[in-house]
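To start, the structure under review is shown below, and the notes come after it.
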Amino acid sequence: MSVRPILLSEMTRIADENQKSLPPLVDDLVMLETEFDSLCFALLVAGMEERTGLDPFTEMDMADLPVTVGELVALYDRAQAHAAA
Amino acid sequence: MSDPKRSVAFASLETGSNLSCPPAALAGRSVLIATQAQFPAALSLIALDGLAQRLVLAPPDLPQASLGTILRDAEIDTVVTDAAAHATSDFAGLDVVIADDRLVPIDPMPDDAVATEWVLATSGTTGAPKLVVHTLEGLAGAIEPVVDAAATVWGTFYDIRRYGGLQIFLRAVLGPSSLILSDADEAVGTFLDRLGRAGATHILGTPSHWRRALMSPRLSGLAPRYVRLSGEIADQAILDQLKRAFPEAHVAHAYASTEAGVGFSVDDGRAGFPADLVGARPGIEIRVRDEILQVRSVRTGRRYLGADAADLADSEGFVDTGDRVAVHEGRYVFLGRRSGLINVGGAKVQPEEVEAVLNRHPGVSMARVRGRPNPILGSLVVADIALHGRLPEGDDAAALSAELLALCRRELPAYKVPARLVFVETLPLTASGKLARGMP
């Protein structure tokens, strides 16, 4: 099962708590072009680790940072598949 | 002076010693006092001051790994120890003297007493302890005669082998006044009972000691005239809680450290200190450089011990305390330790600032804020929280979390708001009574 629903609900929660407005979370949304700043992103990564145990960022090359929501979902899905294997 | 197991009259120490050899045999020695309990250490200090060249007080929580460093850096040739500490430590190659509780008669102190160096270890919330040389004159420099010494009963959560506790010990000895010592193995409630039975009038501890004491129903057995906090930042919440608990008492907080000595006392019941304390007064000068409190006085340590030791003071004689302060409307507030800053993507967060906000919530007994590694920003802020009541579960925990986070969001910029709150039964304290920041 994709982590997509968890990821999107975490993004919405963090945006709400930090009073950031987000456009609809569609796959080709470029995250840097929203109000979802680096602190929100850091909170998202911490929140995802807490809820799913997944932390794909600690071991990845920062040059490969996901740009869009779709890429972020794919990154977490790959991490989950890797963890399950 | 008493602890849970024994008591002694200070006057009897003029003619008796607790050491297994005549104190005069240790004249000129460099002595490490390494006992398990503080009581025999206290008696040994009195027996050896004026005789030994150097007295080094081993702190109660001294790790075995640091013992060798202390023996070397302080050039120790003699160890005063008790059976408990002797059994677990390696004092090979040193003269060992046993400190007992029983006094044996001694000859009067010779007239040619030496100015013994008193050496204390820093409480070092981080890193290995450093050895700070003091003189008795400097240690006692801030002690003024108490109005009614005979009616004063000192009680302290501190261990007398640390700077704060040693100050109380010296006040009691010089009074002379009674002194109630705590014991490492004693529950907080039991110690509070003992303080109450002894009629303690002056009770001293760190804010963390007091936060724990305030959780005990036994606190109601105390009726102190004077309550003092030092060793950590006294925030307004803890000052107000103590004033409510002891409406008749004078509640003060003091600034002192092993290196800087006694700085000042704040008696107006408010956190922080008046800006006019910065500057020169008789015996002490305080300045602020790059947000850091610096102290020059006759009461600071003289130097660090050890071949590779750094300078304790700068070329002008000022000791850098490592404590960050900021001034606002004529009053300085303590921000926290420079070494404790959390770096959130380049923005600095002082844990103590966030803790002070959390501590204002009526349900919170004590908060500890720490950095947690984060791959995006390096660190995020998280908080461990001990409550006055039971640990909340399920919806109660979620509701309390939401309240605390809303409080933080109202008072703090987003990067200082904890990413996570963890409710815990209790938070660990170091042996010196400070919130243990590095411990799980």
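A search for C-beta distances below 8 Å between a residue of region B:336-347 that is within 17 Å of B:GLU232 (Cβ to Cβ) and any residue that is open to solvent by 30 Å² or more (accessible area, probe 1.4 Å) and among the β-branched types (Val, Ile, Thr), counting only pairs 6+ apart in sequence or on different chains, returns B:GLY336/B:ILE233; B:ARG337/B:THR125; B:SER339/B:THR125; B:SER339/B:THR126; B:GLY340/B:THR125.
Selection of first residues in region A:1-18 that are open to solvent by 30 Å² or more (accessible area, probe 1.4 Å) and of second residues that are in a loop (DSSP other than H, G, I, E, B), restricted to Cβ pairs under 8 Å at least 6 apart or on distinct chains, gives the following pairs, ordered by first then second residue: A:LEU8/A:LEU25; A:THR12/A:LEU22; A:THR12/A:LEU25. Of the residues making up region B:343-363, those that are away from chain A (no Cβ under 14 Å) and in contact with a strand residue (DSSP E or B) (Cβ under 6 Å, 6 or more places away or on another chain) are B:GLN350, B:PRO351, B:GLU352, B:VAL354, B:GLU355, B:LEU358, B:ASN359, B:GLY363.
Of all residues in region A:62-82, those satisfying the criterion of being surrounded by fewer than 15 Cβ atoms within 10 Å (Cβ to Cβ) and modelled with pLDDT of 85 or more are A:VAL67, A:ARG78, A:ALA81, A:HIS82.
This table checks each residue for (1) among the hydroxyl-bearing types (Ser, Thr, Tyr); (2) more than 30 Å from B:GLN236 (Cα to Cα).
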residue	(1), (2)
B:ILE284	no, no
B:ARG303	no, yes
B:LEU312	no, yes
B:SER315	yes, yes
B:ARG324	no, no
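Filter region B:344-363 down to the residues that are among the hydrophobic types (A, V, I, L, M, F, W, C) and assigned to a helix (DSSP H, G or I), then identify the one that is nearest to B:GLY389 (Cα to Cα). Among those residues, the one meeting the criterion is B:LEU358.
Restricting B:ALA92, B:ALA113, B:ALA83, B:ALA184 to residues that are small (Gly, Ala, Ser), assigned by TED's automatic domain parsing to the domain that holds B:ALA223 and loosely packed, with under 14 Cβ neighbours inside 10 Å narrows the list to B:ALA184.
Of all residues in region A:34-61, those satisfying the criterion of being closer than 17 Å to A:ALA83 by Cβ, surrounded by fewer than 16 Cβ atoms within 10 Å (Cβ to Cβ) and facing chain B (nearest Cβ under 9 Å) are A:GLU50, A:THR58, A:GLU59, A:MET60.
Among the residues making up region B:128-141, those that are open to solvent by less than 30 Å² (accessible area, probe 1.4 Å) and either under 16 Å from B:ILE160 (Cβ atoms) or among the hydroxyl-bearing types (Ser, Thr, Tyr) (or both) are B:VAL132, B:HIS134, B:LEU139, B:ALA140. The strands (runs of 3 or more DSSP E) located wholly in region B:238-282 that include 1 or more residues which are within 15 Å of the chain's Cα centre (by Cα) and surrounded by 14 or more Cβ atoms within 10 Å (Cβ to Cβ) occupy B:250-257, B:261-266.
Quick grid of which residues meet (1) part of a loop (DSSP other than H, G, I, E, B); (2) small (Gly, Ala, Ser); (3) facing chain A (nearest Cβ under 10 Å):
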| position | (1), (2), (3) |
| --- | --- |
| B:ARG370 | no, no, no |
| B:VAL382 | no, no, yes |
| B:ILE385 | no, no, no |
| B:ARG390 | yes, no, no |
| B:ALA402 | no, yes, yes |
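Taken over region B:202-237, the criterion of being in a helix (DSSP H, G or I), in contact with a Gly (Cβ under 8 Å, 6 or more places away or on another chain) and open to solvent by less than 10 Å² (accessible area, probe 1.4 Å) is satisfied by B:PRO207, B:SER208, B:ALA213.
Test B:ALA414 against the criterion of being buried (at least 17 other Cβ atoms within 10 Å of the Cβ) and either among the hydroxyl-bearing types (Ser, Thr, Tyr) or within 14 Å of another protein chain (Cβ to nearest Cβ) (or both), and give yes or no. Answer is yes for this residue. Hey, does region B:308-324 have a residue that's open to solvent by less than 30 Å² (accessible area, probe 1.4 Å), assigned to a strand (DSSP E or B) and touching a helix residue (DSSP H, G or I) at 6+ places or on another chain (Cβ under 6 Å)? Yes.
The values are calculated or read from the model by the stated rules, or taken from the named source; none is laboratory data. None of these values were measured; they are calculated from a predicted model. Here Cβ is always computed from backbone atoms with ideal geometry, including for glycine, and neighbour counts include all displayed protein chains. Side chains included, ligands, DNA and RNA excluded: accessible areas come from the protein's heavy atoms. Shrake-Rupley method; radii C 1.70, N 1.55, O 1.52, S 1.80 Å.
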